[in-house]
Amino acid sequence: MIQVGDMVVFLKDGVSGIVIRIEEDRCHVMWEDEFVSWEKTEWLELEKKQKQE
C-alpha cells in the first residue's frame with residue numbers, strides 16, 4: 001500500500017517521484033524533475049529499493 005512519503009515509479013514511463021498527498025484512489029506526486037501531478041494509484045508502484053527494506 002502506498003503512503004505519503006513513499007518513493008514511487010510511474011508504470012507508463014518509469015519516472016520516479018515521491019508521494020506528497022493521497023486522496024481516495026489518487027496520489028499527488030512530486031516527480032524527479034520537480035513537476036507535480038495527481039495520478040491514479042494503479043499507475044504507480046513502490047520503488048524496488050524501498051520494497052526490500
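The values are calculated or read from the model by the stated rules, or taken from the named source; none is laboratory data. Keep in mind the model is a prediction, meaning the values are calculated, not measured. When the accessible area is computed, the model is the full protein with side chains, heavy atoms only, and any ligands, DNA or RNA have been set aside. Shrake-Rupley method; radii C 1.70, N 1.55, O 1.52, S 1.80 Å.
Annotations
- Taken over the Cα atoms of the chain, the convex hull encloses 72 Å³ per residue.
- Theoretical ellipticity at 222 nm over the chain - DSSP helices of four or more residues, -39500 (n - 2.57) apiece, nearest 500: -2000 deg cm²/dmol
- Most to least accessible of V36, V9 (protein chains only, probe 1.4 Å): V36, V9
- Accessible area in square angstrom per residue, the chain, 1.4 angstrom probe: 74 Å²
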